Amino acid sequence: MRYYKLYLNAPGVIDARRTAHRKPASAGKTLLGYIAGIATITGLIILTGVLVRSHIMRDLEAMTTEIFVPAGQRMQLTLSDGTSVTLNSGTVLQYPVVFGKERRVKLKGEGMFDVVHDPGSPFIVETFVCDLEVIGTKFNVVAEETEQEFSASLFEGRLKLCNFLYGNIEYVMNPNESLSLNGKALMFDHLENNNALLLTEGLLSLENISFERLMRKFEKYYDVTIEIERETPPVIELSRGKIKVSEGIDHALKILQTSADFTYVKKDENRLIIIK
């Protein structure tokens, strides 16, 4: 253990002598010193605030929110940058609480994006096929990895994407164009209709869709299991038509029966539907 000795002068002797020879400080110097002290403290407070805010922002950027849309429902939300998103049934969206230099989200399912333009912070939608880099735009994306289904429909602005599954080929889309996965390639097409916009209205198009594919959509939208007990699936004999999802599975099947020859029964407390 160390001990320290302190030597103190007789109280008042040296201080009194020093005081006798010290010149009184002028009022101006005292005021300047006071102002300098305040400025130093203020600067330290501001610097501390900046450092704390920077640390908080980094933490928020690292925090990820995941949203899952239940069967038979749609969800509309606004991200921290003001971008509005509409998500379809069974869709999963992952995004940071606060965006950093890059606005990146991850989509599994179907979503409609209306992106706020910000040249200094690109907006990127990550899917199983490619990353879609937004150039101030409104577009719809379907990304179903389990069914190997992917499509993008552009309504406003421009959209750049790179097919990193097959060859890292880059594409740039213009308004009224669509891009869909066909085998190992992405195929361009012209938007002939506004079916991709039906998501925001809660409608499902019957145009150019097979019965089996439509049943898979029904399973997701209505949270049911559908089995087709036929040698060949029914054929939908409609060139156009729409179903309002919120009306329920029975309403959807009855509308479908007007254009396809089939019957159905329900089992397991209506969670299983058998197509005959």
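Taking T64 as the residue in question, decide whether it is at pLDDT 85 or above, over 28 Å from L203 (Cα atoms) and out of contact with any helix residue (DSSP H, G or I) (no Cβ under 9 Å at 6 or more places or on another chain).
Yes.
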- Item | Residues located in the range 134-151, provided they are out of contact with any Asp or Glu (no Cβ under 9 Å at 6 or more places or on another chain) and either outside any strand (DSSP E or B) or open to solvent by less than 10 Å² (accessible area, probe 1.4 Å) (or both) | E145, T146, E147, Q148
- Message: For a quick check of your reading of the model, give me the residue pairs whose first member lies in the range 256-273 and is open to solvent by 90 Å² or more (accessible area, probe 1.4 Å), whose second is not in a strand (DSSP E or B), with beta-carbon atoms closer than 7 Å and at least 6 apart or on different chains.
- Response: D261/P234; R271/V224
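Just to check your reading of the model, which residue among K217, K254, K266 is farther than 30 Å from E192 by Cα, at pLDDT 85 or above and of a type in the set (K, R)?
Matching residue, one of K217, K254, K266: K266.
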- Task: Go through the range 152-184 and count every residue that is touching a strand residue (DSSP E or B) at 6+ places or on another chain (Cβ under 9 Å), in a strand (DSSP E or B), open to solvent by 70 Å² or more (accessible area, probe 1.4 Å) and farther than 15 Å from V115 by Cα.
- Result: 2
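From the list D189, D131, which one is modelled with pLDDT of 90 or more, farther than 22 Å from M75 by Cα and assigned to a strand (DSSP E or B)?
One residue alone meets the criteria, D131.
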- If you go through the range 92-113, how many residues are open to solvent by 60 Å² or more (accessible area, probe 1.4 Å) and either more than 19 Å from F150 (Cα to Cα) or in contact with a helix residue (DSSP H, G or I) (Cβ under 9 Å, 6 or more places away or on another chain) (or both)? 2
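The values are calculated or read from the model by the stated rules, or taken from the named source; none is laboratory data. Small disclaimer: the values here were computed from a predicted structure and weren't measured. Every residue, glycine among them, receives a Cβ derived from its backbone with ideal geometry; neighbour counts consider all protein chains shown. For accessibility, only protein heavy atoms count, side chains too; no ligands or nucleic acids. Shrake-Rupley method; radii C 1.70, N 1.55, O 1.52, S 1.80 Å.
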